Structures are given as C-alpha cells and as structure tokens.
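Report on the following structure.
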Amino acid sequence: MLYDAYQAHADAMRPIRDAAELMRNAFSQPWPLLLAAHPLARGSAAACELLSRAGTSHQRPNFGIAETVVRGERVAVAEEAVMRHPFCTLLHFRKAVTVAQPRVLVVAPLSGHFATLLRETVDTLLPEHDVYITDWVNARDVRLLHGRFDLDDFIDLAVAFLQHLGPETHVVAICQPAVPVLAAVALMAADGDPAQPASMTLVGGPIDTRIAPTQVNLFATSHPLEWFERTVITSVPMRYPGAFRRVYPGFVQLAGFMAMNLERHIAAHLDLFNDHVQGDGASADATRRFYDEYTAVMDLPADFYLQTVRHVFKEHALPRGVLTSRDRRVDPAAIERTALLTIEGERDDICAPGQTAAAHDLCSALPAAKRARYVQPKVGHYGLFNGRRWRTEIYPRLRDFIRANDATAAGDAPPRIVVARWAAAAERVQAPMMAPLQGIVVGVATGSGSVRI
C-alpha cells in the first residue's frame, strides 16, 4: 500500500502544482499593470514556484552533453548505447573525432537517482578520456518477464561490461558500486581474465562500514532485515510497465536523504525564494538545476536493495572475507594487475573516511606502486564527484592516476577479446531478457548517494 498511498498523494497534488506553475508564469510576465520587476510580483512568483516544485519526478533527465573540448578544439559528442540489459544500458559518449584517449567506465550508483546525477563527472572526464557509463533503468519500468535483479546480477553486469570494453579499461565506481565493482575485478583476477581493468578507482564507497560508522550505517544495523522488507519494500502500481514488481521506491530513498540534511534543504529553498525576489537569476538557476536532478528518482529492485543492506551494511561480508557471488568466494587478494585508487571526502556523512580506503588492506597482493589514497579536505559526499573541488582538486589526481597506469599505445584501441571461458558470465547477464514470468520479485544500495549542499 506504500506506493499506492504515495501515488494517490502525487495525483491529488498534481493539479495544485500545475496551477501554481501557471500563476508563476503569470506573475513573471512584464505586463503594464503587473510588472515582473515589482517586489510584490516577484514574491508571488517565487511562492508559486516553491509550490510547483514541491514534488518528485520519475523521468530520467537528459545528460545534455552535446560537445566537449579536445586539444583546444570543440568536438561534438553523441550518446551511443553499446550494450543493453533490461536493468541497465552501457552508454558511450562518442566523440566526432578519432583520438587515442584512456578508456574509462564510470559505474554510477544504483541508489535512487539516475546516472545523470554524474553529469558533471562525465563532462569533466570527457576532454581527456573515452567515457562510458552505466545508465540504470528505473525498476518500475522493467516488466516482470525480465526476472529479478540482485547483487550477483550487478557483479555479472560489471564483468560483462569490462569484458566488452576489453583490456586497458579504467573503471571508476562512484559510491555504492564500490563493493560490486571490487568483487567483479577480484573474480576476473581469480580467472586470469585478460580484460581485467588497468586501474580501479573507488570514490566514497562503503567497502567496510565498520570503520567510523555514519548515520546511514547505524540505521542499517539497528533494524533487522525483516524490518526493511516489511517497511520500505512495496509493489509497483498497475499503471506502470513494471506492475507488481517489488521495489525499494526512489521517493523513500529521497525522503531519507533529505531528512539527513533537512536544515540545508530548507535553507536552499529559502535562498531560492530570496534569489527570485531579488532578481538574482544566476543563483536561482543553479539551485533549480540541482533540485531538478536531485528530485528525479528511480526505484530499485527489492532483491538488490535487501542483499546490499544485508551483505554490505549488516554482515560486512567483503571485509570479513565471506562475500560470495554465484557460490564463489570473492577474494580481493587475487588482484595483482589492476592499480587501485581510493578517494574519500573529509566531511562525508555517508561513507566516512577510512571506509573506502579499507580496500587497500583487502587488495594485499598489489604493490605499493599500484596503490594511491586521497582524502579531499572540506567536502562531503556529493562534492566528491560534483562541484569546484571535484573539478580543480579531485579530478586532476584521478586523471594523473589513470595516465600513470595506462599502457594503451597511440592509435587504435586494443581489440575486444571474446573468450569462450567467460561466456557463462555473458549468458547470466542476458538471461533476464529471456526469463519467463517469475512472479513477484523481491534484490541496493542504501544510501550511498546523499548530498551535501
């Protein structure tokens, strides 16, 4: 009933929000008798705007990256779907020029927001890298006939994407995917897979949440798993393609995120009101852009969410050495070729400093020359991959680390390697497309995607 109650409220509020948007437009018109510059008109328009924005969107925003700059020249960029899975698309930002650049796979968090939350991350990487990203699909739009999606499926998908891209790929896992990406690379290393990535960067990820536990970690451990399944797992209403699929709704995740920093969000909206009244269009536009993205939410497959709560936040399976995938033990000590960089934020209230860096102890076979750890001063979770410090302080370190571990010769990228030995992983990834109706599905990441404004 949780989703139905939310939907009923959203439907009831829709006419009110639409009416407020119409009034905002009316008050903003430069009519002779109602000048838009008049304080009363501005105040009324600002109040109507706050009311019209009081809701969430379940539609994926656009990346909107039409061009970038390569070696001082503007180059057109087009989005190209390279691989498709019912729950995820491997998206390539293809440049309209052939240039040898390090190939980077950005693994976006599956934690309640669309991959477009990393728009600035991609935009910053593009001038000097060949960028791919995992573009997750809203679970409420995935029909039941495609089957379930859990943590093992995430790991399989990461392996399949890396195998498709081939050797000398650099993988960057933002937030929640740090655990499944580390697991995927460890399994590839144990298999001697030639497509093992050249480097792996883990950004603010919950590798070991026993270290300096945050509010998110404490909340996860203070409630039994049955509480999560009973309280926050619900079924998709009939009006959507994924009707009856069990999900962890994005609106629940968003409510949790906002509750953690409620005073900041209230202050941000008060600033939006004041900026509108004072005619500060630039500041108001920046706040609008942020919240347009932040309030665009997606639902998560229940299996994935519940397994992540259990294995990552409750059992700490990876750092304890007991995490398994498809009945295989995940051993990060098998990683010998893939260089490791961990990036953390000094003020991160989602993944505290030390939680991500724990990966270095797990990857014990890596020599010191293939490891690096960086803690960014004065940033929270969101600032690790967005904002001024990401662009000017964090990105240069990531870029230099990738360059130091990139062996791709100038010219064409190395050929894709397809080996029958790893065909089983690809079959598992594509199996959901052909699976019969599996009934109500229950399988991510609890909140590794909060925002510090």
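The values are calculated or read from the model by the stated rules, or taken from the named source; none is laboratory data. As the structure is a prediction and not an experimental result, all values here were calculated from the model. For neighbour counting, all protein chains shown are included, and Cβ atoms are generated from backbone atoms with ideal geometry for every residue, glycine included. Side chains included, ligands, DNA and RNA excluded: accessible areas come from the protein's heavy atoms. Shrake-Rupley method; radii C 1.70, N 1.55, O 1.52, S 1.80 Å.
Phi-derived couplings, Karplus 6.51 cos²θ - 1.76 cosθ + 1.60 at θ = phi - 60°, listed residue by residue for region 78-91: 10, 7, 10, 7, 8, 9, 10, 9, x, 9, 6, 10, 7, 9 Hz, with x used for Gly and Pro.
A simple spin-label model places pseudo-atoms 7 Å from Cα toward Cβ; at ARG320 and GLN278 they are separated by 5.2 nm.
Other residues whose C-beta falls under 15 angstrom from the C-beta of ARG371 contribute a net charge of 0, scoring Lys and Arg +1 and Asp and Glu -1. A straight line joining the Cα centroids of region 53-108 and region 145-213 runs 20 Å. Between GLU168 and ALA198, the built amide H atoms are under 5 Å apart, and every one of these is 5 or more places off in sequence or on another chain. Largest to smallest in accessible area, the residues ILE174, ILE16 fall in the order ILE16, ILE174 (1.4 Å probe, all protein chains included).
Please give the contour-minus-distance gain from ALA76 to ALA5: 0.36 nm per residue of separation, less the Cα-Cα distance, rounded to one decimal in nm. Spell out each step's value before the answer.
Numbers: separation 71, 0.36 × 71 = 25.56 nm, distance 4.47 nm.
Net length gain for the segment: 21.1 nm.
Please get the size of the charge dipole for region 201-359, origin at its Cα centre, with Cβ charges of +1 on Lys and Arg and -1 on Asp and Glu, quoted in debye to the nearest 20.
Details: 16 positive and 20 negative charges, 155 e Å.
About 740 debye.
How large is Rg over Rh for region 59-204, taking Rg from the Cα atoms and Rh as the Kirkwood inverse mean of 1/r across Cα pairs? In region 59-204, Rg relative to Rh is 0.96.
Hey, of (1) 73, 64, 41; (2) 68, 63, 53; (3) 74, 54, 42, which did the structure itself give for Cα extents along the principal axes in Å when calculated? Among (1) 73, 64, 41; (2) 68, 63, 53; (3) 74, 54, 42, the one calculated here is (3). Here region 98-172 is treated with +1 on each Lys and Arg Cβ and -1 on each Asp and Glu Cβ, and its dipole about the Cα centre works out to around 220 debye.
When ARG264, ARG389 are compared by accessible surface with a 1.4 Å probe, the order from highest to lowest is ARG264, ARG389.
Remark: C-alpha extents of region 126-240 on the principal axes read 44, 41, 33 Å, sorted largest to smallest.
Placing dummy labels 7 Å off each Cα toward the beta-carbon, the span from ASP361 to ARG403 is 3.4 nm.
Counting only heavy atoms of the protein chains and using a 1.4 Å probe, CYS351 has close to 0 Å² of accessible surface.
Measuring only protein heavy atoms, the 1.4 Å probe finds TRP136 accessible over about 10 Å².
Spin-label model, ILE266/ALA19: points 7 Å from Cα along the beta carbon direction are separated by 2.7 nm. In the chain, the calculated helix contribution to ellipticity at 222 nm averages -11500 deg cm²/dmol per residue, counting -39,500 (n - 2.57) for every DSSP H run with n ≥ 4.
So for the chain: antiparallel DSSP bridges make up what percent, rounded to the nearest 5?
Values: 25 of 51 bridges.
Once the DSSP bridges in the chain are tallied, antiparallel ones form about 50 percent.
On the chain, 56 percent of the accessible area sits on carbon and sulfur atoms, based on a 1.4 Å probe.
Ordering MET258, MET200, MET23 by how much accessible area each has at a 1.4 Å probe, largest first, what is the list? Walk me through the intermediate numbers first.
Working: MET258 50, MET200 0, MET23 90 Å².
Descending order: MET23, MET258, MET200.
The residues of the chain have, on average, 42 Å² of accessible surface per residue, using a 1.4 Å probe with all protein chains present.
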